[in-house]
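*Asks:* Dropping the structure in here first, questions after.
The values are calculated or read from the model by the stated rules, or taken from the named source; none is laboratory data. The structure displayed is predicted, hence computed values, not measured ones. Here the Cβ positions follow ideal geometry from the backbone for every residue, glycine too, while neighbour counts run over all protein chains shown.
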Amino acid sequence: MKTNLIALLKLADLEIRRFRGILLGLMALVALIQLGGLSMVTRTRLSQIESQIERSGMTLAEFKLQNSGLSLLELLGELDGVTGVAIACCIVVVAAYTLIIWYRDWFGRASFAYRLLMLPHPRFLLYLSKLAAILTFVFSLFAWQIVIVAGQMLLYHVQIPHQLRIERTFIDTIRSTDLVIFIPVRLTEFLLVYGLGLVIVLLLFTTALLERSYRLKGLLGGLALSAAAFVLLVWLWAGAEDRGSFLYPTELLALFIGVLLVSAAAALWLGWRLLRGKVSV
Amino acid sequence: MIEVSDIRKKYRRKQVLGGVSFQAQKGQITSLIGLNGAGKSTVLKAIMGLTPIDGGSIRIGGQAISPAAYNTIAFIPDRLTMPGSMRLRDGLQFMADFYPRWNPARAEDLMSFFRLERGEKIGRLSKGTAMKFNLVLGMAQDVDYVLMDEPFSGIDLFSRELIAEVFTSQLVEDRGVLITTHEIGDIEHLIDHAVLLDQGRVVRDFDCEQMREEHGKSVIDVMREVYRG
């Protein structure tokens with residue numbers, strides 16, 4: 001048990017080290033887009049305000065009284081498009097890496113899959129280590145996004161004169177932007193969003209293993225299974241937000257959680273079975 | 001002893017293995033011989049649990065293959081099995097981290113014997129050097145059985161000589177070695193037992209010494225009979 005746990009930690013460490021370049025690159029890109037973008041938008045808005053003040057001969061305080069200042073949310077609102085692109089980049093890269101994390105061991109000059117499948121430890125450790133690596137990937141980006149919001153607040157304080165500022169708390173800032181989907185501030189929201197994300201990762205893992213076991217038939221089966229579970233979950237989610245649904249939102253939520261748990265258990269069980277005796281190099 | 005009994009495998013609609021049976025004893029070098037596509041590599045992968053079989057059974061020291069069995073058997077495939085981004089020293093560390101039967105002193109001896117540089121990147125190794133490193137990874141484990149898939153394929157003469165020397169050293173003593181090759185010339189004099197495969201079936205299975213003494217035939221003579229008719 002202890003040996004397997006140590007092996008799992010070492011495998012997870014190996015997987016994390018293998019993608020750290022991609023992760024650091026993504027972090028740099030996201031920071032550059034969001035902080036650089038905010039700085040540019042702020043400078044443009046300030047120069048517009050300055051020329052407005054010059055023309056009217058008002059002071060900054062008078063300008064604030066008339067125009068209610070310049071809030072961070074207003075500036076971030078102008079950045080919605082580019083922030084969306086940055087976050088979409090992260091989602092696409094994480095989704096692609098969820099499959100690449102398996103296929104990179106099979107293809108290319110080095111068939112690392114041979115070595116990994118011959119480790120004197122249960123093969124399911126490979127599955128768990130790759131899952132731990134993907135979760136690290138996602139939560140690193142999640143934590144980084146929080147740091148970026150803090151950085152944006154700092155930048156706002158540095159660039160905007162205090163007479164124009166509209167103060168808001170950190171949580172309020174997150175809650176008022178679209179980022180609230182990716183940085184849920186309530187525990188239940190966090191569990192639902194990241195629970196759905198986790199199930200999607202498990203379904204993609206199982207699809208990759210089905211393909212490695214049964215090739216084209218496995219790929220089609222895996223995609224059908226993943227699509228069915230995903231559509232059902234999205235339908236339940238949408239139903240919970242739709243007041244006209246025939247079930248109460250709490251009932252739909254309970255059903256959503258039930259489907260989430262069944263999908264996760266089925267994907268894990270199938271992954272375990274495939275790795276144990278069906279997957280081939 | 002490695003016991004392979006009546007293993008069968010189909011790939012798409014083609015019968016790759018049609019009931020292969022043989023035994024490889026500990027302390028002997030057994031060679032699985034056949035032309036390209038005869039099913040040699042598939043047999044080794046099946047023994048190591050790297051490809052599922054449709055029927056038959058495989059036992060290693062009386063036990064079915066399991067994660068614990070990888071402590072008693074090592075496989076040296078015909079290709080690199082470590083990421084190209086790693087350096088040789090990282091590869092050795094990986095083995096030390098995950099294999100309880102890893103023997104670092106023996107690994108050092110083999111690295112010196114093959115004159116391998118620990119700082120070199122695995123992805124930049126030539127085919128011959130990669131096979132030497134593959135041999136280090138397999139032979140430095142204190143295991144009872146070693147499986148090798150085409151260790152001489154596409155390798156220069158001097159590297160082949162160096163690799164063949166490993167077979168005469170104490171590295172293979174007391175172990176059971178199962179080797180596949182279609183270039184039998186390099187190791188013919190070292191083989192104890194030969195299993196000839198053709199189109200996924202065992203066509204001859206014999207003790208080489210006995211064949212020489214009783215029939216005056218070398219392994220190549222028997223191969224000629226089987227494959228040229």
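*Asks:* Would you be able to tell me the number of residues in the stretch A:26-55 that are within 30 Å of A:Ile100 (Cβ to Cβ) and surrounded by 12 or more Cβ atoms within 10 Å (Cβ to Cβ)?
*Replies:* Residues meeting the conditions: 10.
*Asks:* In the list A:Ile134, A:Ile53, A:Ile101, which residue meets the criterion of being more than 14 Å from chain B (Cβ to nearest Cβ), closer than 30 Å to B:Arg124 by Cβ and in contact with a helix residue (DSSP H, G or I) (Cβ under 6 Å, 6 or more places away or on another chain)?
*Replies:* When all the criteria are applied, what remains is A:Ile134.
*Asks:* Please verify whether the stretch A:143-161 includes one or more residues that are more than 14 Å from every other protein chain (Cβ to nearest Cβ), assigned to a strand (DSSP E or B), more than 28 Å from the chain's Cα centre (by Cα) and not hydroxyl-bearing (Ser, Thr, Tyr).
*Replies:* No: the stretch A:143-161 contains no residue that is more than 14 Å from every other protein chain (Cβ to nearest Cβ), assigned to a strand (DSSP E or B), more than 28 Å from the chain's Cα centre (by Cα) and not hydroxyl-bearing (Ser, Thr, Tyr).
*Asks:* Also: Restricting the search to the stretch A:116-130, which residues are closer than 14 Å to B:Ile73 by Cα and outside any helix (DSSP H, G or I)?
*Replies:* A:Met118, A:Leu119, A:Pro120, A:His121
*Asks:* Assuming A:Gly277 fulfils every condition listed in (1) farther than 18 Å from A:Arg123 by Cβ; (2) within 14 Å of another protein chain (Cβ to nearest Cβ) apart from one, which condition is it?
*Replies:* Unmet for A:Gly277, out of (1) farther than 18 Å from A:Arg123 by Cβ; (2) within 14 Å of another protein chain (Cβ to nearest Cβ): (1).
*Asks:* Being at pLDDT 90 or above and assigned to a loop (DSSP other than H, G, I, E, B) is the filter here, so list the residues in the stretch A:237-281 that pass it.
*Replies:* A:Lys278, A:Val279
*Asks:* Name the pairs: first residue in the stretch B:94-106 and of a type in the set (Lys, Arg), second residue part of a loop (DSSP other than H, G, I, E, B), Cβ to Cβ under 9 Å, at least 6 apart or on different chains?
*Replies:* Hits for this filter: B:Arg101/A:Pro120; B:Arg101/B:Thr72; B:Arg101/B:Asp142; B:Arg101/B:Val143; B:Arg106/B:Ala140; B:Arg106/B:Asp142; B:Arg106/B:Leu171.
*Asks:* Can you tell me which of (1) away from chain B (no Cβ under 14 Å); (2) touching a residue at least 12 places away in the same chain (Cβ under 8 Å) is the one A:Arg123 doesn't meet?
*Replies:* (1)
*Asks:* Looking for whichever is in contact with a Gly (Cβ under 9 Å, 6 or more places away or on another chain) and either on the phi > 0 side of the Ramachandran plot or aliphatic (A, V, I, L, M) (or both) here; the options are B:Gly200, B:Gly176. Which one fits?
*Replies:* The unique qualifying residue is B:Gly200.
*Asks:* Can you name the number of the only condition in (1) surrounded by 13 or more Cβ atoms within 10 Å (Cβ to Cβ); (2) over 14 Å from the mean Cα position of the chain (by Cα) that A:Leu191 fails?
*Replies:* Of everything listed in (1) surrounded by 13 or more Cβ atoms within 10 Å (Cβ to Cβ); (2) over 14 Å from the mean Cα position of the chain (by Cα), A:Leu191 misses just condition (2).
*Asks:* Then there is this: Identify the residue in the stretch B:110-128 that is over 18 Å from B:Pro151 (Cα atoms), part of a loop (DSSP other than H, G, I, E, B) and in contact with a Lys or Arg (Cβ under 7 Å, 6 or more places away or on another chain) and, among all such residues, is nearest to the other protein chains (Cβ to nearest Cβ).
*Replies:* B:Glu120
*Asks:* Do you know which residues across the stretch B:47-89 are part of a strand (DSSP E or B), more than 7 Å from every other protein chain (Cβ to nearest Cβ) and touching a residue at least 60 places away in the same chain (Cβ under 8 Å)?
*Replies:* Correct list: B:Ile60, B:Ile73, B:Ala74, B:Ile76.
*Asks:* Which condition from (1) part of a helix (DSSP H, G or I); (2) surrounded by fewer than 14 Cβ atoms within 10 Å (Cβ to Cβ); (3) not acidic (Asp, Glu) is the one that A:Gly108 breaks?
*Replies:* Going through the list (1) part of a helix (DSSP H, G or I); (2) surrounded by fewer than 14 Cβ atoms within 10 Å (Cβ to Cβ); (3) not acidic (Asp, Glu), A:Gly108 breaks only (1).
*Asks:* Test each condition in (1) within 13 Å of another protein chain (Cβ to nearest Cβ); (2) under 17 Å from the mean Cα position of the chain (by Cα) for B:Tyr11 and report the one that comes out false.
*Replies:* Answer for B:Tyr11: the failing condition is (2).
*Asks:* Give the residues of the stretch B:142-156 that are under 26 Å from B:Ala68 (Cβ atoms) and over 14 Å from the mean Cα position of the chain (by Cα), sorted by residue number.
*Replies:* B:Asp142
*Asks:* Give me the residue from the stretch B:90-109 that is at the interface with chain A (Cβ under 8 Å from one of its Cβ atoms) and part of a helix (DSSP H, G or I) and, out of that set, surrounded by the fewest Cβ atoms within 10 Å (Cβ to Cβ).
*Replies:* Looking at the filtered set, the residue picked out is B:Asp97.
*Asks:* Right, another one. Give the number of residues within the stretch B:77-97 that are modelled with pLDDT of 95 or more and not acidic (Asp, Glu).
*Replies:* Total satisfying the criteria: 9.
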